[in-house]
Structures are given as structure tokens and as C-alpha cells.
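All remarks here apply to the structure that follows.
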Amino acid sequence: MRQCGFTLLEMLVTLVVASIMLSIAAVQLLPDEQAQLREEAERLAYLLEQAGASARAGGQALAWSGNGREFRFWKKNKQGEWRRVEQDALLRPRSLPDTVRIAALEIAGRAAQPGEMLLLSPESITPMFGIRLVSGERQVRIAGNGLGVVSVVKP
């Protein structure tokens with residue numbers, strides 16, 4: 001007489017194979033801390049470069065400020081007062097992921113004071129700057145060369 005079903009060994013082999021496949025999928029789907037930090041740095045560098053180009057093209061000064069997990073862009077109104085940019089798809093206020101934060105801002109080689117804004121001048125030359133983003137023990141630096149090019153560099 002023939003028996004139907006699976007043996008204990010067949011069941012164990014199936015479970016081992018399934019758990020190996022699940023762990024490989026989980027590793028691929030979980031965000032890597034370094035990759036997320038680099039992605040956020042590249043996004044911020046792109047936004048700063050675009051804002052600088054917008055300031056030069058429009059002839060109107062823009063500024064950037066950030067602290068902790070949030071950053072925003074500012075625009076001067078006709079009275080010369082800085083106003084937050086709210087309704088612009090590119091320059092709207094943004095928050096960084098929970099694990100990423102802004103650690104430092106340098107403007108023209110000196111540490112910026114809390115609340116100090118980075119001026120994105122309508123003129124072709126602006127001060128060089130650096131922004132340090134951190135995530136746990138990892139960090140990355142965003143550097144502006146003063147001529148409108150903003151890039152992500154290793155600290």
C-alpha cells in the first residue's frame with residue numbers, strides 16, 4: 001500500500017529553502033542607512049543647485065535654511081523681507097527621514113550660526129558652502145563651489 005503525504009525531511013528542506021529566500025528578500029527591501037543618507041544628500045544638492053540657477057535666472061535672491069530634520073527655501077519680497085517659499089513644487093519646505101539629520105552648515109569657511117541662512121545670490125558668484133548630513137555613525141558632505149555647482153563629497 002502506498003502512503004500519501006510528505007516526509008519530515010521533505011518538510012524541513014522546504015522550510016529551510018523558504019526561510020533563506022525570505023531573508024534574502026528582506027535584506028533587499030530594507031533601506032540601507034548609507035544608501036538612504038547618500039540619496040538624501042544628492043536630493044538636497046540637486047535642490048540647492050536648482051535654487052541657485054533659479055536665483056540667477058530670475059535675478060532675485062533666494063536663501064536656504066535647515067536644522068535637524070527640516071529645511072526650507074526663502075525668497076525676498078519687494079520690501080526686502082525674507083518670506084518662506086511654500087507653494088513652489090521644487091522649493092517647498094521638506095523633512096528628512098527619521099534617521100537623517102542636518103549636522104552642520106559652513107558658509108565661506110566658517111561655521112554658520114543657528115538660524116543663519118545660506119544666501120543663493122542672483123549674481124554669478126556666491127560664497128562656497130558645505131552642509132554635513134549624518135545618519136547614525138555615517139556622514140556625508142554637500143559642497144557648493146561658489147560658481148553654482150553643488151555636489152556630494154565624502155567628508
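The values are calculated or read from the model by the stated rules, or taken from the named source; none is laboratory data. These numbers come from a predicted model, not from an experiment. Don't worry about glycine lacking a Cβ; one is built from the backbone with ideal geometry, like all the others, and counts go over all protein chains shown.
Show me the strands (runs of 3 or more DSSP E) entirely contained within the range 105-155 in which 3 or more residues are β-branched (Val, Ile, Thr).
Details: elements: 118-120, 129-135, 138-144, 150-153.
Hits in the range 105-155: 150-153.
All but one of (1) under 27 Å from GLU137 (Cα atoms); (2) part of a helix (DSSP H, G or I); (3) hydroxyl-bearing (Ser, Thr, Tyr) hold for THR99; state the number of the condition that does not hold.
Failed condition: (2).
Anything in the range 52-88 that is within 15 Å of the chain's Cα centre (by Cα) and under 21 Å from GLU123 (Cβ atoms)? List them, or say none. Give the derivation first.
Of the residues in the range 52-88, the ones within 15 Å of the chain's Cα centre (by Cα) are 64-73.
Of everything in the range 52-88, those that are within 15 Å of the chain's Cα centre (by Cα) and under 21 Å from GLU123 (Cβ atoms) turn out to be TRP64, SER65, PHE73.
Before we move on, is GLU106 charged (D, E, K, R), in contact (Cβ under 8 Å) with a residue 24 or more places away in the chain, loosely packed, with under 15 Cβ neighbours inside 10 Å and touching a strand residue (DSSP E or B) at 6+ places or on another chain (Cβ under 8 Å)? Steps first, please.
Details: charged (D, E, K, R): yes; in contact (Cβ under 8 Å) with a residue 24 or more places away in the chain: yes; loosely packed, with under 15 Cβ neighbours inside 10 Å: no; touching a strand residue (DSSP E or B) at 6+ places or on another chain (Cβ under 8 Å): yes.
So GLU106 does not fit the description; no.
Inspect all residues belonging to the range 9-20 and state whether any of them is among the acidic types (Asp, Glu) and either loosely packed, with under 10 Cβ neighbours inside 10 Å or more than 14 Å from the chain's Cα centre (by Cα) (or both).
Looking only at the range 9-20, we keep the residues that are among the acidic types (Asp, Glu), and these are 10.
Adding the requirement that they be either loosely packed, with under 10 Cβ neighbours inside 10 Å or more than 14 Å from the chain's Cα centre (by Cα) (or both) leaves 10.
Yes; the residues of the range 9-20 include at least one that is among the acidic types (Asp, Glu) and either loosely packed, with under 10 Cβ neighbours inside 10 Å or more than 14 Å from the chain's Cα centre (by Cα) (or both).
Any residue at all in the range 24-32 that's exposed (fewer than 15 other Cβ atoms within 10 Å of the Cβ) and either within 30 Å of SER124 (Cβ to Cβ) or at pLDDT 80 or above (or both)? Steps first, please.
Here is the first cut: in the range 24-32, the residues exposed (fewer than 15 other Cβ atoms within 10 Å of the Cβ) are 24-32.
Imposing the further condition that a residue be either within 30 Å of SER124 (Cβ to Cβ) or at pLDDT 80 or above (or both) reduces the set to none.
No, that holds for no residue.
State which residue is surrounded by the fewest Cβ atoms within 10 Å (Cβ to Cβ) when the search covers only the range 142-155 and only residues that are touching a Lys or Arg at 6+ places or on another chain (Cβ under 9 Å) and either of a type in the set (Phe, Trp, Tyr) or without any contact (Cβ under 8 Å) to a residue 24 or more places away in the chain (or both).
Here is the first cut: in the range 142-155, the residues touching a Lys or Arg at 6+ places or on another chain (Cβ under 9 Å) are 142, 148, 152-155.
The next check asks that each one be either of a type in the set (Phe, Trp, Tyr) or without any contact (Cβ under 8 Å) to a residue 24 or more places away in the chain (or both); those that pass are 153-155.
Working: VAL153: 11, LYS154: 7, PRO155: 12.
That would be LYS154.
How many residues are under 17 Å from VAL149 (Cα atoms), assigned to a helix (DSSP H, G or I) and aliphatic (A, V, I, L, M) when one looks only at the range 22-75?
Summing the residues that are under 17 Å from VAL149 (Cα atoms), assigned to a helix (DSSP H, G or I) and aliphatic (A, V, I, L, M) in the range 22-75 gives 9.
For the range 66-103: of the residues being small (Gly, Ala, Ser) and over 26 Å from GLN34 (Cβ atoms), which is surrounded by the fewest Cβ atoms within 10 Å (Cβ to Cβ)?
Taking the range 66-103 first, the residues small (Gly, Ala, Ser) are 66, 68, 80, 89, 95, 103.
Going one step further and asking which of them are over 26 Å from GLN34 (Cβ atoms), we end up with 80, 89.
On the way: GLY80: 7, ALA89: 5.
This residue is ALA89.
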